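The values are calculated or read from the model by the stated rules, or taken from the named source; none is laboratory data. These figures come from a predicted structure and were not determined experimentally. So basically every Cβ, Gly included, is an ideal-geometry build from the backbone, and we count neighbours across all protein chains shown.
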């Protein structure tokens, strides 16, 4: 045995190595997320400006005079449907959220006098008058047009009312 070379068997111990491509992929994902975050934050900051006060629609508060009322396209704002003294009534909206429909100009006789009070509120493009929701289809300093669907004796009726300001 002396002359014979001993054959050594080498035992290989597996070594756990971290693959470089996996490491690179991990860093690439984080870098991509960071770039996107910075991009969106920059975009958000760029959207901010020191502009003046926001200009919204004109205030509904004030005196409005009805100029048109339609039911399913048929004009209703005329003496045939209303007493002539009602054709010049004013709708007065105050800033606190109350409104009054009052005689103006030609006053109705005592028995026919008409005054109505209620609550109003703007919600986006809707106007609530005593919990009846009207859609505002035209709203400016010169004109207000509101529409709603109501049932009259079981039939759907599309109402449209138009107003002009009395004085601003």
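Things to note:
- For the stretch 38-49, the criterion of a residue being surrounded by 14 or more Cβ atoms within 10 Å (Cβ to Cβ) and at pLDDT below 85 is satisfied by no position.
To keep it simple, each residue is scored yes or no on (1) within 24 Å of residue 74 (Cβ to Cβ); (2) surrounded by 11 or more Cβ atoms within 10 Å (Cβ to Cβ); (3) without any contact (Cβ under 8 Å) to a residue 40 or more places away in the chain.
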residue: 94; (1), (2), (3): no, yes, yes
residue: 137; (1), (2), (3): yes, yes, yes
residue: 140; (1), (2), (3): no, no, no
residue: 144; (1), (2), (3): yes, yes, no
residue: 160; (1), (2), (3): yes, yes, no
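- Counting residues in the stretch 96-104 that are more than 20 Å from residue 160 (Cα to Cα), at pLDDT below 80 and part of a loop (DSSP other than H, G, I, E, B) gives one or more.
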